Amino acid sequence: MTTLQTWLDDAKKFARTALAEAILGTEDDLGPPAPTAAQQRLVETVGLHQLLPYDQYDETTGLYYNTDSVGFVLAVAPQTGADSQLAANLLGLYDSVPAGCGVQWMLLADPIVEETLNAYVDLREQHANTGRVPLFYLEQAKRRITSVRSKLGKPLFPGQNYTITEKRLMLSIVRKGSFDDVKLREEFQNLREVVIATLRAASLASRTAEPNDLIRFLWPILNPESFFGNGADILEQTYSDDRPIRDQLTAFGHHARVRAKQLLFGVPPEEPGEDDERVAVRSFGVQKYPEHKELWEMNNIIGSLFNDVHQYPCPYLITCGVMIVDQTAMETRAAIRGARATQNAGSKIAQMQPELALQNRDWKAVNMQLQMGGSMCEMYHTLTLFAPPKQMGRCVAAAEGIWRSERFSKLFPMLTQQLTTFLAAMPMMLTSDLRDDLKKFRLITTKTTVNATDMAPVLGEWGGTDGRASLLFFGRRGTPTLVDPYASSTNYNGFVDGTSGAGKSVLMNDIISAYRSVGGIIRICDVGYSYEKQIDMAGGQYIDFKPGSGIVINAFSTAGLDAENGIDSEVKFIRPIIARMVSPNAPIEPFEGALLDIAVRQVWNDYGQEGSPTRVRAALMALKDQNELPERVAYELAVRLEPFCEGGVYGRYVNGKTNVRLDNEVVGLELEHLNSDPQLRTVILLGFTNQVTNEMYRFDRSRPKLFLTDEGWQIVGDDQETADFMEEGYRRARKYEGSFFFATQGIDDAGMNKATQAAFGNSAWKYHLMQSKDTINKISSGEVMNLSPGLKRMLLSLAPVPGRYSEFVLVDPNGGTHLLRHIPDEFTLAMATTKGPAFEFMERLRAGGMSTEDAIRAFIESKRN
């Protein structure tokens with residue numbers, strides 16, 4: 001009896017197990033589901049890399065010969081926006097791809113930005129090693145880079161999802177077949193050239209991705225620990241043609257575990273209580289697509305430009321797979337299903353089944369797109385997130401919010417199929433075999449190529465300019481942005497504006513550092529000691545124009561140094577200075593300007609560098625009218641010039657030989673003490689500008705040169721003479737590879753007078769920091785600049801966070817607008833401080849004999865304690 005009962009119990013247990021496995025996909029109520037367990041056994045048996053098809057690369061053809069397929073991969077530069085023309089050109093790509101091919105777009109948000117960071121540091125190291133540039137600038141760059149590296153793969157700031165990542169875009173096309181199929185090889189070679197040309201027409205620059213490019217792309221995906229390390233190991237991975245490519249994609253000792261909800265990479269804890277340092281990788285499919293989507297909207301799938309909450313707090317990979325199908329069969333099917341949907345929507349039962357009307361509408365939309373030149377295809381999207389296990393919940397919530405805001409109403413978690421979904425996100429995986437698997441999982445769905453075009457993840461964020469890694473900024477979606485002010489075909493000048501507290505001084509300090517760190521010649525006209533600390537640490541000369549300082553700046557004594565400049569050019573510089581002396585607050589009349597021109601020319605011809613305002617006054621007094629009588633207007637000008645002549649209240653500052661020496665490569669002139677005397681301040685600024693411009697010829701033209709005028713709106717006036725002076729100075733600066741930077745309190749200052757208009761109009765680069773709402777309302781009229789709705793929205797959205805970053809809109813020489821963040825290190829922030837307890841703290845230490853650098857470090861340390 002006992003034996004029979006045992007047999008019956010065993011039979012019942014077997015039946016329950018078989019039934020559970022058949023229906024629920026699990027062998028028991030506990031443990032991993034059967035599909036997950038099977039995938040784990042597969043990974044343990046052969047290794048994750050053996051599940052990848054990548055075998056060999058043919059340098060001659062540029063094709064990859066995989067296990068059972070042939071394909072190619074292109075590295076594509078993401079666009080920063082899209083219009084209807086780009087979408088139309090991109091749509092043509094699918095028309096050129098034969099049936100049976102799998103097209104995949106893969107956009108990786110890669111936190112390993114070593115190439116960018118190294119370029120920034122290497123540029124400074126190269127010049128520091130020559131001994132011509134203080135090591136301070138190299139150390140400053142290293143501090144900044146260390147700060148970024150310390151948060152690799154994680155949000156940069158507490159309480160924000162903001163993460164630094166490079167957006168890398170790949171395109172692969174593959175078809176099942178063998179490498180010994182000559183016809184297939186030739187077809188794919190031709191297809192690659194057609195695709196590259198199509199991408200070029202769509203303004204998507206591309207090149208063939210060789211094995212080193214493929215390894216660089218896939219290594220951190222398959223070894224996600226790299227995302228959260230120092231990133232240096234990725235630069236050491238190089239292709240060897242004596243082994244299959246798949247054997248070069250994972251580290252030795254690679255360990256992966258398959259779970260129902262995610263994959264886990266890394267070695268699990270060996271002891272209870274030990275920290276779990278593995279990386280979780282979770283993949284999602286799209287369950288419901290938007291009813292309508294435009295390509296330009298896909299820019300927000302990498303994070304919102306205007307909503308800081310909708311950012312990814314981790315690395316991610318977005319893949320769009322498109323299977324090209326037989327068009328004749330699919331169009332016939334579409335026509336049949338469309339007719340059936342129309343019939344069902346008109347039936348009586350449709351009143352009880354509203355979804356029939358929706359199906360009818362969808363099939364009408366499909367047939368309309370087919371009539372407009374589209375074709376049928378099969379499409380899927382996957383999103384793969386990489387994060388520490390404890391942080392994955394936060395990352396999933398953020399990602400779901402981003403996709404939901406873009407009307408992808410539900411991300412499907414792909415339970416028990418994480419490995420398959422993960423592999424489906426890789427290049428050259430979409431063969432007919434994978435398509436069949438995805439069809440079973442209901443991940444792939446029938447769409448049109450118009451849908452595939454409009455939902456392609458081909459939009460990224462501006463990555464900066466070509467040229468030197470001079471300035472390092474970051475986009476709002478975390479993309480590192482290197483800017484070279486010399487990457488301009490017009491001029492190298494800049495106009496910087498921003499209200500108080502917007503971060504203007506910190507940004508300008510960084511711009512000065514960018515020029516000086518590469519051996520640049522720096523000249524600064526400061527109002528408020530914003531740059532005094534940097535000038536001191538750079539070993540520069542800081543000239544504080546105080547009463548009784550004995551400073552003389554005479555435009556005549558510094559003119560005529562450059563043989564390339566004739567008398568007309570010299571007069572263009574000297575006459576505006578004399579004009580401001582005789583008329584500090586109002587433009588001079590044309591006839592007055594003509595008389596000044598005659599007098600200045602006469603003095604220059606007679607005395608050259610020995611000329612002075614006193615001698616100009618004498619020349620004016622000697623001018624005769626048509627009756628050979630003293631010219632009355634000239635006499636009036638001479639009288640008005642009296643304060644700047646010998647014996648006048650300002651005469652000692654502008655007569656005689658200029659004694660401001662510009663021998664040092666870094667010179668700053670501080671005009672804070674002239675705020676109460678704007679008449680003299682303007683004349684001194686113009687004279688200093690004249691001197692700086694005249695001495696540019698002395699330096700090698702290959703060396704960068706920067707002349708910065710801070711708070712320039714206070715100094716220049718509304719007269720054509722000063723405007724001409726500015727334009728002539730800017731013209732000379734370009735001839736000698738020089739840059740003029742002009743800083744003001746707001747964009748509306750650009751329209752304040754003719755001189756600021758000249759500065760604004762002659763600046764290829766415009767840095768617009770946070771503006772007051774009154775300023776934006778003023779410029780909305782269009783008098784100062786063309787304020788488009790998009791630019792206005794950008795300006796209104798600027799929101800600096802003190803102690804973390806400032807924000808600004810950069811307008812490049814081509815008119816492109818880029819919303820960027822300036823994220824300095826704490827040393828740079830302290831260096832630019834000019835007010836409050838922080839400034840007083842450092843000044844006390846400096847007054848006690850401490851060096852500027854040590855005083856800044858002491859202040860930083862005091863904040864930590």
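Tell me, yes or no, whether the range 168-180 has at least one residue that is charged (D, E, K, R), within 20 Å of residue 113 (Cβ to Cβ) and surrounded by fewer than 22 Cβ atoms within 10 Å (Cβ to Cβ).
Taking the range 168-180 as the starting set, the residues that turn out to be charged (D, E, K, R) are 168, 175-176, 180.
Narrowing further to those that are within 20 Å of residue 113 (Cβ to Cβ): 168.
So of that shortlist, the ones also surrounded by fewer than 22 Cβ atoms within 10 Å (Cβ to Cβ) come out as 168.
Yes: the range 168-180 contains one or more residues that are charged (D, E, K, R), within 20 Å of residue 113 (Cβ to Cβ) and surrounded by fewer than 22 Cβ atoms within 10 Å (Cβ to Cβ).
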Output for the range 154-171, where each listed residue is closer than 27 Å to residue 207 by Cβ and out of contact with any Gly (no Cβ under 7 Å at 6 or more places or on another chain):
166, 168, 170, 171
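Need a quick list: helices (runs of 4 or more DSSP H) entirely within the range 801-865 having at least 3 residues that are among the small types (Gly, Ala, Ser).
On the way: elements: 826-831, 836-847, 852-864.
The qualifying helices (runs of 4 or more DSSP H) are 836-847, 852-864.
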From (1) in the same structural domain as residue 753 (by TED's automatic domain parsing); (2) under 20 Å from residue 472 (Cβ atoms), pick out the condition that doesn't hold for residue 778.
(2)
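Search the range 625-660 for residues being basic (Lys, Arg) and either surrounded by 14 or more Cβ atoms within 10 Å (Cβ to Cβ) or touching a residue at least 60 places away in the same chain (Cβ under 8 Å) (or both), and hand back the single one that is farthest from residue 579 (Cα to Cα).
As a first pass, look at the range 625-660 and keep what is basic (Lys, Arg): 632, 640, 652, 657.
Narrowing further to those that are either surrounded by 14 or more Cβ atoms within 10 Å (Cβ to Cβ) or touching a residue at least 60 places away in the same chain (Cβ under 8 Å) (or both): 640, 652, 657.
On the way: 640: 10, 652: 18, 657: 20 Å.
By that ranking, first place goes to 657.
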Contact list, first residue from the range 806-831 and of a type in the set (D, E, K, R), second anywhere and in a loop (DSSP other than H, G, I, E, B), beta-carbon distance below 7 Å, six or more apart or interchain, is 807/770; 807/798; 807/799; 807/800; 821/476
Leading residue by the ranking (nearest to residue 80 (Cα to Cα)) among those in the range 255-301 that are of a type in the set (Val, Ile, Thr) and more than 35 Å from the chain's Cα centre (by Cα)
258
When the range 249-265 is examined, which residues are found to be closer than 30 Å to residue 56 by Cβ and touching a helix residue (DSSP H, G or I) at 6+ places or on another chain (Cβ under 6 Å)?
249, 250, 256, 258, 263, 265
Residues that are among the aliphatic types (A, V, I, L, M), surrounded by 22 or more Cβ atoms within 10 Å (Cβ to Cβ) and touching a residue at least 60 places away in the same chain (Cβ under 8 Å): does the range 139-152 have at least one?
yes
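Looking at the structure I just gave you, is residue 559 buried (at least 19 other Cβ atoms within 10 Å of the Cβ), within 23 Å of residue 708 (Cα to Cα), outside the structural domain of residue 710 (by TED's automatic domain parsing) and in contact (Cβ under 8 Å) with a residue 40 or more places away in the chain?
On the way: buried (at least 19 other Cβ atoms within 10 Å of the Cβ): yes; within 23 Å of residue 708 (Cα to Cα): yes; outside the structural domain of residue 710 (by TED's automatic domain parsing): yes; in contact (Cβ under 8 Å) with a residue 40 or more places away in the chain: yes.
It is true that residue 559 is buried (at least 19 other Cβ atoms within 10 Å of the Cβ), within 23 Å of residue 708 (Cα to Cα), outside the structural domain of residue 710 (by TED's automatic domain parsing) and in contact (Cβ under 8 Å) with a residue 40 or more places away in the chain.
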One residue is enough: does the range 646-667 have a residue meeting the conditions in contact with a strand residue (DSSP E or B) (Cβ under 6 Å, 6 or more places away or on another chain) and charged (D, E, K, R)?
yes
Filter the range 645-664 down to the residues that are farther than 17 Å from residue 689 by Cβ, in contact with a helix residue (DSSP H, G or I) (Cβ under 8 Å, 6 or more places away or on another chain) and not β-branched (Val, Ile, Thr) and list them by number.
645, 646, 648, 650, 651, 655, 656, 657
Residue 120 vs. criteria hydroxyl-bearing (Ser, Thr, Tyr) and touching a strand residue (DSSP E or B) at 6+ places or on another chain (Cβ under 7 Å)
yes
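Please determine, by comparing only the residues of the range 260-271 that are farther than 21 Å from residue 226 by Cβ and in contact (Cβ under 8 Å) with a residue 24 or more places away in the chain, which one is surrounded by the fewest Cβ atoms within 10 Å (Cβ to Cβ).
Here is the first cut: in the range 260-271, the residues farther than 21 Å from residue 226 by Cβ are 260-261, 270-271.
Then drop every residue that is not in contact (Cβ under 8 Å) with a residue 24 or more places away in the chain, which leaves 260-261.
Values: 260: 17, 261: 15.
Per the criteria, the residue is 261.
Collect the residues in the range 693-708 that are at pLDDT 85 or above and surrounded by 21 or more Cβ atoms within 10 Å (Cβ to Cβ), keeping them in residue-number order. Spell out how you get there, then give the answer.
Here is the first cut: in the range 693-708, the ones at pLDDT 85 or above are 703-708.
Those that are at pLDDT 85 or above and surrounded by 21 or more Cβ atoms within 10 Å (Cβ to Cβ): 704, 705, 706, 707, 708.
Of the residues that make up the range 230-243, is at least one in a helix (DSSP H, G or I), more than 30 Å from the chain's Cα centre (by Cα) and in contact (Cβ under 8 Å) with a residue 12 or more places away in the chain? First the steps, then the outcome.
Of the range 230-243, the ones in a helix (DSSP H, G or I) are 232-236.
Checking the rest, the ones that are also more than 30 Å from the chain's Cα centre (by Cα) come to none.
No: zero hits.
Under the condition of being without any contact (Cβ under 8 Å) to a residue 24 or more places away in the chain and over 15 Å from residue 75 (Cα atoms), which residue from the range 171-221 is nearest to the chain's Cα centre (by Cα)?
As a first pass, look at the range 171-221 and keep what is without any contact (Cβ under 8 Å) to a residue 24 or more places away in the chain: 180, 182-183, 186, 190, 193, 197, 200, 216.
Then drop every residue that is not over 15 Å from residue 75 (Cα atoms), which leaves 180, 182-183, 186, 190.
Details: 180: 44, 182: 44, 183: 43, 186: 39, 190: 35 Å.
Looking at the filtered set, the residue picked out is 190.
The values are calculated or read from the model by the stated rules, or taken from the named source; none is laboratory data. Note that this is a predicted model, so its numbers are computed, not measured. Cβ atoms come from the backbone with ideal geometry, glycine included; neighbour counts cover every protein chain shown.
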